[in-house]
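The values are calculated or read from the model by the stated rules, or taken from the named source; none is laboratory data. Quick caveat, the model's predicted, so the values are computed rather than measured. Every residue, glycine as well, gets a Cβ built from its backbone with ideal geometry; the counts of neighbours run over all protein chains shown. These area figures cover heavy atoms from the full protein model, side chains too; ligands, DNA and RNA do not enter into them. Shrake-Rupley method; radii C 1.70, N 1.55, O 1.52, S 1.80 Å.
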Amino acid sequence: MSPFEALQLPNGQLISNRIAKAAMEENMADAHQAPSEALMRLYQAWADGEPGLILTGNVMIDRHAMTGPGGVVLEDERHLDKFRQWATIGRAKGAQFWVQLNHPGRQTMANLGQPALAPSAVALDLGGFSKMFAQPKAMTEDDIQDVISRFATSARLAEKAGFSGAQIHAAHGYLLSQFLSPLCNQRTDRWGGSVENRARLLLEVVKAVRAAVSPDFCVAVKLNSADFQRGGFDAADARAVVELLNPLAIDLLELSGGSYEAPAMQGEARDGHTLAREAYFIEMASDLAKVASMPVMVTGGIRRLPIVQQVLDSGIAMAGIATALTLEPHLIKQWRAGRDLNPQLPPIRWKRKPLASLANMAVVRYQLRRLSRGRQPNPGVAPLLALIKDQLFIARRTRQYRAAMTNSSH
């Protein structure tokens, strides 16, 4: 199967090729948490590169629950015109353009000044960095129902704005992923305990989203193949969840892995074991694709066309690319033209893993901001410089966010 062959989804929609621009957190909302001009320019660059599918970075379902202070929020119609503009740009060259809907749960920065909800009151364990995150409170039944309703509302608004699909983020240690993990979900009610109970919130969200949108609108799920933490959500859990998702009307299942505590999505496991440098999750994803009734996409470290081909040959329907597209936004178009490009960032080998993880994200966001200003990427940027700039940027956005929330009536 060629990477440039179309993929027909269960709902009948077509993705023009098998390569997706996977989600990355941009933190580029305007002062009102709506899509900014810089964000539009960034997506213009990616749309021009002609991926089959473009996934946004986190679009938050609640402005009180943010993965970062510069996040985009879609919870009502107040900035729907900006979302329409964004959707038009992303779809201009024929790509499917889906919003990634998310709630951070306990992965909420303490300095944002908002409460952190979680399945149980289990704080993040990041050693000396743990205090950076808000102490979570266990969600009530009303909190859970509100989250389900918000996912559905945001998906309906995304369709109204002209996006062609929505991806429900249930990976990387965010709220839905927290419910799936026996480490942070210690509930004894119907939302905790067995894998069926831990998966209940994800299933209810998928059903509510599907009911809120038209059959032509694509509904996808992003799921961890594993959390890479002892006693956490593992490959057997992932298999069970895929089997629970199979009867639902899901058009694509993206498999990744890791969380803030174990950033496997950057090629690092909690025990310090370095995963294979490319296509980290291909083996697990290939096993899960055998039991999945919907097409499967794998993301994590892919940057060369032969690896994309390897992913497809293993029975996986799509390959998602993230970091490589910050270094060469037209990578897919270049590959199609026969150019054998392999864009990559130098690895960061700092001893303090959480700090190295932050620096890695900062270097990626440095490239995103350059692209958003119409400039060329700079993969050789010093990680420390990128980290300092990123921390200053986040501090400024945090002050803006807190001021806006203080002045807001809701």
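Once you compute Rg and the Kirkwood Rh from C-alpha atoms, what is the Rg to Rh ratio for the stretch 1-52? It would help to have the intermediate numbers written out before the result.
On the way: Rg = 14.4 Å, Rh = 13.0 Å.
With Rg and the Kirkwood Rh in hand, the quotient comes to 1.11.
ARG84 label point, 7 Å along Cα→Cβ, cut-off 18 Å on backbone N: hits in the stretch 7-46?
34-37, 40
So, in nm, how far is label TRP350 from label ASP125 when the simple model puts each one 7 Å beyond its Cα toward the Cβ?
Taking the two extended label points, one gets 2.3 nm.
For HIS64 and THR188, compute 0.36 nm times the residue count separating them, minus their Cα-Cα distance, and round to one decimal in nm.
Numbers: separation 124, 0.36 × 124 = 44.64 nm, distance 2.67 nm.
Here the segment from HIS64 to THR188 would lengthen by 42.0 nm.
How big is the stretch 90-217 by the Kirkwood estimate over distinct Cα pairs, in Å? Please report the intermediate quantities before stating the final value.
Details: mean 1/r = 0.0644 Å⁻¹.
Final number for the Kirkwood radius of the stretch 90-217 is 15.5 Å.
Per residue, how much accessible area does the chain show when a 1.4 Å probe rolls over the protein heavy atoms, in square angstrom?
On the way: 15660 Å² over 410 residues.
With the other protein chains kept in place, the chain gives 38 Å² per residue.
Could you give me the radius of gyration and the Dmax of the chain, taking only the C-alpha atoms into account and expressing both in angstrom?
Rg and Dmax of the chain, Cα atoms, are 19.3, 56 Å.
So what are the ³J(HN,Hα) numbers for the stretch 5-14, from phi and the Karplus equation (6.51, -1.76, 1.60; θ = phi - 60°), rounded to whole Hz, Gly and Pro as x?
For the stretch 5-14, the Karplus-derived couplings read 8, 6, 10, 8, 8, x, 8, x, 6, 10 Hz, x marking Gly and Pro.
If R₀ is 25 angstrom, what is the calculated FRET efficiency for the pair ASP76 and ALA31, using the beta carbon separation as r and rounding to 0.05?
Details: r = 17 Å, r/R0 = 0.67.
The computed FRET efficiency comes out at 0.90.
How do the peptides 144-150, 313-319, 358-364 rank, highest first, by the average count of neighbouring beta carbon atoms within 10 Å per residue?
358-364, 313-319, 144-150
In Å, the Kirkwood hydrodynamic radius of the stretch 18-139 over pairs of distinct alpha carbons?
Here the Kirkwood hydrodynamic radius works out to 15.4 Å.
When the accessible area of the stretch 96-187 is computed with all protein chains present and a 1.4 Å probe, what percentage of it is carbon and sulfur? Don't skip to the answer; put the middle values down first.
On the way: 1490 of 2790 Å².
It is 53 percent, rounded to a whole number.
I'd like the antiparallel share, as a percent to the nearest 5, of DSSP beta bridges with both residues in the stretch 18-160. Before the final figure, lay out each step's value.
Working: 2 of 15 bridges.
Roughly 15 percent of the DSSP beta bridges within the stretch 18-160 come out antiparallel.
Out of the total accessible area of the stretch 286-359 (probe 1.4 Å, heavy atoms of protein only), what percent is carbon and sulfur?
Working: 1670 of 3350 Å².
C and S atoms contribute 50 percent here.
In a shell of Cβ-Cβ distance under 12 Å around VAL209, excluding VAL209 itself, what net charge do Lys and Arg (+1) and Asp and Glu (-1) give?
Details: positive: ARG150, ARG156, LYS207, ARG210; negative: GLU159, GLU204, ASP251.
Charge balance in the 12 Å sphere: +1.
Between PHE179, PHE133, PHE393, find the one with the highest GNM mean-square fluctuation for the chain; connect C-alpha pairs within less than 10 Å.
PHE393
In whole Å, what is the distance between the alpha-carbon centres of the stretch 119-191 and the stretch 22-81?
Spelled out, the Cα-based centre of one part sits 19 Å from the other.
List the residues, sorted by chain then number, that are 5 or more residues from GLN167 or on another chain and whose placed amide H is less than 5 Å from its amide H.
So GLN167 has HN proximity to VAL99, GLN100, LEU101, ALA220.
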